[in-house]
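Structure record follows, encoded as structure tokens.
The values are calculated or read from the model by the stated rules, or taken from the named source; none is laboratory data. Computed from a predicted model, the values in this text were never measured in an experiment. We place every Cβ from the backbone using ideal geometry, glycine too, and count neighbours over all the protein chains shown. Keep in mind that these areas ignore ligands, DNA and RNA; they rest on the heavy atoms of the full protein, side chains included. Shrake-Rupley method; radii C 1.70, N 1.55, O 1.52, S 1.80 Å.
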Amino acid sequence: VDEGLSKTRYLLPIVTPNYFKKFWTQMELDAVRMLSKPALPIWVNVTAKAVKKFSPTLGAQKALIYENNPYEIAEKIGATL
């Protein structure tokens with residue numbers, strides 16, 4: 001994971017209700033911040049309130065909302081990055 005994070009240009013965390021329950025997700029976000037890598041969160045079945053409770057920094061970032069259309073989210077990612 002560390003090697004992948006060091007080589008990536010962007011992080012696209014897929015934030016789901018289960019994302020909040022995993023220890024490694026917070027470690028991953030901390031590592032990306034330390035490496036100054038840009039992140040574009042993709043929210044799936046979560047609210048802004050839940051994301052901000054988990055991580056105020058993550059909740060304050062621009063995010064994309066996934067609405068069951070993988071082609072649409074792919075276009076949004078391409079347009080944003």
Counting only residues that are in a loop (DSSP other than H, G, I, E, B) and farther than 20 Å from Phe20 by Cβ, how many does region 32-66 have?
4
From the residues in region 1-23 that are within 16 Å of Thr80 (Cα to Cα) and aliphatic (A, V, I, L, M), which one is least open to solvent (accessible area, probe 1.4 Å)?
Leu11
So which residues in region 34-50 are out of contact with any Pro (no Cβ under 8 Å at 6 or more places or on another chain), surrounded by 13 or more Cβ atoms within 10 Å (Cβ to Cβ) and at pLDDT 90 or above, if there are any at all?
Trp43, Val44
Somewhere in region 51-62, is a residue touching a helix residue (DSSP H, G or I) at 6+ places or on another chain (Cβ under 6 Å) and open to solvent by 70 Å² or more (accessible area, probe 1.4 Å)?
yes
Among the numbered criteria (1) part of a helix (DSSP H, G or I); (2) surrounded by fewer than 12 Cβ atoms within 10 Å (Cβ to Cβ), which one does Gln26 miss?
(2)
